[in-house]
Amino acid sequence: MNVLACVKRVPATSGRITLTADRQEIDTRFLGFTVSPHEECAVEEAVRLVEAHGGTSAVLTLGPEAAVEQLQDAMALGIERAVHLVTDGREWDPVATAEAIVEAVRAQEAAAGPFDLLLFGNEAADSGDYQVGIRVAHALGWPCVTGVKALEVNQGTATARREAAGGWEIFEITLPAVITVKEGINLPRYPTVPGRLKAKRAPIETITLEPNANALQKVRLKLPPEEGHKGEILGRGPEAAPRVVELLQKLGVIAS
């Protein structure tokens, strides 16, 4: 089977996010970059499916020239080839992103044969956007299941499971299909040194894109308010003991 994993270059999730003075972009001067945990699992799932069923695996990203690093990381884990839709680094909205990916998928299929599965992370780690995979599926006319935590493929069908209140929702869909996966569907492997060296030498197909003039227009970015923290002095010395006991009882740590 032929599987394509789509990933996005995002600031490291542990980094402190600040904005540029004009509030149009994230200030990336002191940030590291990665792909989101969901997308790491999408890459791992693509590798596992090809290992189990044979076929080919590919990874695709839309982003600046520096995003080649994330493609090489995916190839170091076992992905065979990479496609880079190169932009000027500005954020693309979900509509324009999905359109570019659909066009790239159709071009790849015309050149190398059809894909059986397109794998996305359930949402992007930076913007929280979850639309791209769904929009790609709709444009291609393929079935789509989101939030998947378990996936099995057998003879042209896929069984996808996602968590629901009190149990699981189970979907059986025909291939080709689009699946968006969540962290926990698997445990991504660590790249080996030979894998990293091989990825550095591997060719990457690049396609330079121009911003979509009809895309949504960004007004500005806004950081959410930081959560405040405050402390309360319960007392000093032995006089604080009754208040400590009262608080522990309130929290249910000890019985009254």
query: Among the lysines, which fall within straight-line cross-link reach of residue 182, defined as a Cα-Cα distance under 21 Å, with same-chain neighbours fewer than 8 residues apart omitted?
result: 8, 149
- prompt: Among 175-185, 237-247, what's the highest-first ranking by average C-beta atoms within 10 angstrom per residue?
  reply: 175-185, 237-247
message: Show log10 I(q)/I(0) for segment 183-256 at q = 0.25 Å⁻¹, two decimals, from a solvent-free Debye sum over equal Cα scatterers.
response: -1.14
- prompt: Quick one: with all protein chains in place, what share of the accessible area of the chain is carbon or sulfur, to the nearest percent (1.4 Å probe)?
  reply: 53 percent
- line: P(r) over all Cα-Cα pairs of segment 21-75, 10 Å bins from 0 to the longest distance, whole percent per bin, short to long, reads 19, 43, 24, 10, 4, 0
message: Using only the alpha-carbon atoms, what does segment 144-240 span along each of its principal axes? Please give whole angstrom values in decreasing order.
response: 71, 42, 42
message: Given the whole protein assembly as supplied and a 1.4 Å probe, what does the accessible area of residue 38 come to in Å², nearest 10?
response: 30 Å²
message: Compute, for segment 146-256, the length of the dipole vector about the Cα centre, with Cβ point charges of +1 (Lys, Arg) and -1 (Asp, Glu) only. Units Debye, rounded to 20.
response: 500 debye
- request: Using only protein heavy atoms and a 1.4 Å probe, report how much of residue 127 is accessible, in Å² to the nearest 10.
  value: 70 Å²
task: Please report, to two decimal places, log10 I(q)/I(0) for segment 22-154 at q = 0.09, 0.12, 0.16 Å⁻¹ as given by the Debye formula with identical point scatterers on the Cα atoms and no solvent.
output: -0.26, -0.48, -0.88
field: DSSP bridge orientation in the chain - percent antiparallel, rounded to nearest 5
entry: 35 percent
message: At q = 0.09, 0.14, 0.19 Å⁻¹, what log₁₀ I(q)/I(0) does segment 78-212 have when each alpha carbon counts as one equal point scatterer in the Debye sum?
response: -0.32, -0.79, -1.33
- prompt: Do the sum for the chain: with -39,500 (n - 2.57) for every DSSP H run of n ≥ 4, divided by all residues, what is the mean residue ellipticity at 222 nm, to the nearest 500 deg cm²/dmol?
  reply: -9000 deg cm²/dmol
query: In nm, what is the difference between 0.36 nm times the number of residues separating residue 250 and residue 95 and their Cα-Cα distance?
result: 50.9 nm
task: Return one number: the angle in degrees, 0 to 90 and rounded to the nearest 10, between the long axis of the Cα atoms of helix 37-53 and the longest principal axis of the Cα atoms of the chain.
output: 40 degrees
message: Checking a compactness column here: for the chain, what do you get for Rg(Cα) / (2.2 N^0.38 Å), N being the number of residues?
response: 1.24
message: Suppose accessible area is computed on protein heavy atoms with a 1.4 Å probe; arrange 132, 59 from highest to lowest.
response: 132, 59
Distance in nm between pseudo-label sites at residue 31 and residue 219 (7 Å out along the Cβ direction from Cα): 2.2 nm
Solvent-accessible area per residue, Å², over segment 33-80 with all protein chains present [probe radius 1.4 Å]: 33 Å²
message: For a quick size check, give me the Cα extents of segment 2-95 along its three principal axes, largest first, whole Å.
response: 50, 25, 21
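What FRET efficiency do you get for residue 12 and residue 241 if R0 is 51 Å and r is their Cβ-Cβ distance, rounded to the nearest 0.05? Display every interim value, and only then the final one.
Numbers: r = 44 Å, r/R0 = 0.86.
The calculated FRET efficiency here is 0.70.
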Hull volume in cubic angstrom per residue (convex hull over the Cα atoms of segment 183-224): 230 Å³
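Suppose every K and R has +1 on its Cβ and every D and E has -1 on its Cβ; what is the size of the dipole of the chain about the Cα centre, in Debye to the nearest 20?
Roughly 500 debye, rounded to the nearest 20.
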Per-selection metrics, segment 58-119 (Cα): Rg and Dmax in Å: 12.0, 31
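The values are calculated or read from the model by the stated rules, or taken from the named source; none is laboratory data. For clarity, every value in this text was computed on a predicted model and none was experimentally measured. Heads up, the Cβs are rebuilt from the backbone with ideal geometry, glycines too, and the neighbour counts pull from every protein chain shown. Note: accessible area is taken over every heavy atom of the protein model, side chains too, but ligands, DNA and RNA are not part of it. Shrake-Rupley method; radii C 1.70, N 1.55, O 1.52, S 1.80 Å.
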